[in-house]
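Below: one structure, written as structure tokens.
The values are calculated or read from the model by the stated rules, or taken from the named source; none is laboratory data. Fair warning: this is a prediction, and the values are worked out from it, not measured in the lab. Methodologically, a virtual Cβ is constructed for each residue, glycine included, from the backbone with ideal geometry; neighbour enumeration extends over all protein chains shown. The accessibility values were calculated without ligands, DNA or RNA, using every heavy atom of the protein model including side chains. Shrake-Rupley method; radii C 1.70, N 1.55, O 1.52, S 1.80 Å.
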Amino acid sequence: EDNTENTLEPIGEGYPNPADAGCPAAIRDPAAGEPTPIKDYAAGRASWESPDIQADLKTIYGCSDGDSKGIYKFVADEEIPSYDDTSDIAGTLYAPKVTSEAAARKTSPLNVTLDVEWMKLGHATNGEVESWITEYDDVTQEDYLETHADTDWREDLDAAIEEADREVIANGNQNYITHEEILKWAEQYEQNGPDGVDDELRKVPFLETRAAAKEIGATIEFNKAEGVDSKDDAGPGDYVYFGISELNDDMADDTGDLQMDRVDGGVVYHGQLEDDYNISRLEPVIVGPDGTDDAATANPALINIDNVSVMDDGRVLCCEDAD
């Protein structure tokens, strides 16, 4: 900016707030000359791939792309376009709990339907979540070093960075929502339910969605969960498709709700919409090859599914993210 050079000096005033990132975005007026993007803050913070809003205009399904992440659901109180002020959009955020016993046994994903119960994480408005995010607007890189390192960064920057990083690895970042706050939220959640937590802790599942969901036992084990899609007018009885690029790591280890056989080529699941647009079962419809399969077996198979697009007639376009 202004032709200034990059600097390795810690950033003070003006450092961006990381909590500003990670919200699904929508365009309310797509035909306008300058369309207005809207952040759906209340839908949670995650590494969103491509969330899919349903025809009820209230329900959103989305995958968090990465290792050991979640698939989330958000249900608005009213049809989202009906809110004149987008900060008033209100709804409930959910995380999945896989209850199928077979999913916790070493067996092929081809033979395992994932039964899903949705755990309510909390209820909030976009405006509330945005106000919680702004609480961290003034945190800087200088604050990070001064909070987590005894070494004065002005005197020995490299030593201060290493000291601060090691402290954060051991005890978490104290400048944002702390691990202690997440544990306190989870304790109150277990005792009183999602609506019975202290008011200052309501922000936890909306700003630290994965950590909060994992702490209460949700199935935060999905690996490389990618695109989500359904046909535009999908209603009860129709399907939403979820692309899992690689079924390995936490989905194929010896712990947790998911312990299936490893399938490096990935899986496509679909879930049938119920009358209230809920999905309670994820059925495998495409299962790729394992990385150990020979070339003749793996070559014609669908490998590392990324985004999916459901056409109006129900056919599904599948994109591969691989060499």
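Tell me, what is the per residue accessible area of the range 33-104 in Å², probe radius 1.4 Å? If you can, show how the numbers build up before the last one.
Values: 2840 Å² over 72 residues.
Spelled out: the 1.4 Å probe surface of the range 33-104, per residue, equals 39 Å².
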With r defined as the distance between the Cβ atoms of N192 and R315 and R0 fixed at 41 Å, what FRET efficiency is calculated, to the nearest 0.05? 0.30
In nm, give the distance between the simple-model label positions of Y136 and S47, each being 7 Å from the Cα along the Cα-to-Cβ direction. 1.7 nm
Once you put a point 7 Å from the Cα of I11 and another 7 Å from the Cα of A322, both along the Cβ direction, what distance in nm separates them? 3.7 nm
Would you check the accessible area of V287, probe 1.4 Å, heavy atoms only, in square angstrom rounded to 10? 50 Å²
Calculated from DSSP H runs of 4 or more alone, at -39500 (n - 2.57) each and per residue, what is the 222 nm mean residue ellipticity of the chain, nearest 500? -5500 deg cm²/dmol
When the chain is treated as a Gaussian network with springs between alpha carbons less than 10 Å apart, the largest mean-square fluctuation among H123, H270, H179 is found at H179
In nm, to one decimal, how far is the R166 label point from the D152 one, both placed 7 Å along Cα→Cβ? 2.1 nm
Judged on accessible area alone, 1.4 Å probe, highest first, C319, C63 line up as C319, C63
How much accessible area per residue does the range 130-276 have, in Å², with a 1.4 Å probe? 46 Å²
Between R281 and D85, what is the FRET efficiency for a Förster distance of 41 Å, r being their Cβ-Cβ separation, to the nearest 0.05? 0.65
Considering the zone a paramagnetic label at D56 would reach in this model (a point 7 Å from Cα along the Cα-to-Cβ line), which residues of the range 83-116 have amide N under 18 Å from it? 83, 89-97, 116
Relative contact order (percent) for the chain, with alpha-carbon contacts under 8 angstrom and 6 or more residues of separation? 18 percent
If you roll a 1.4 Å probe over the chain with all protein chains in place, what percent of the accessible area is carbon or sulfur? 44 percent
Sort out for me the Cα centre separation of the range 227-283 from the range 1-72, rounded to whole Å. 23 Å
How many Lys pairs in the chain lie less than 14 angstrom apart by Cα atoms, where the lysines are 8 or more positions apart or on different chains? 12
If the chain between T107 and H179 were fully extended at 0.36 nm per residue, the gain over the current Cα-Cα distance would be 22.4 nm
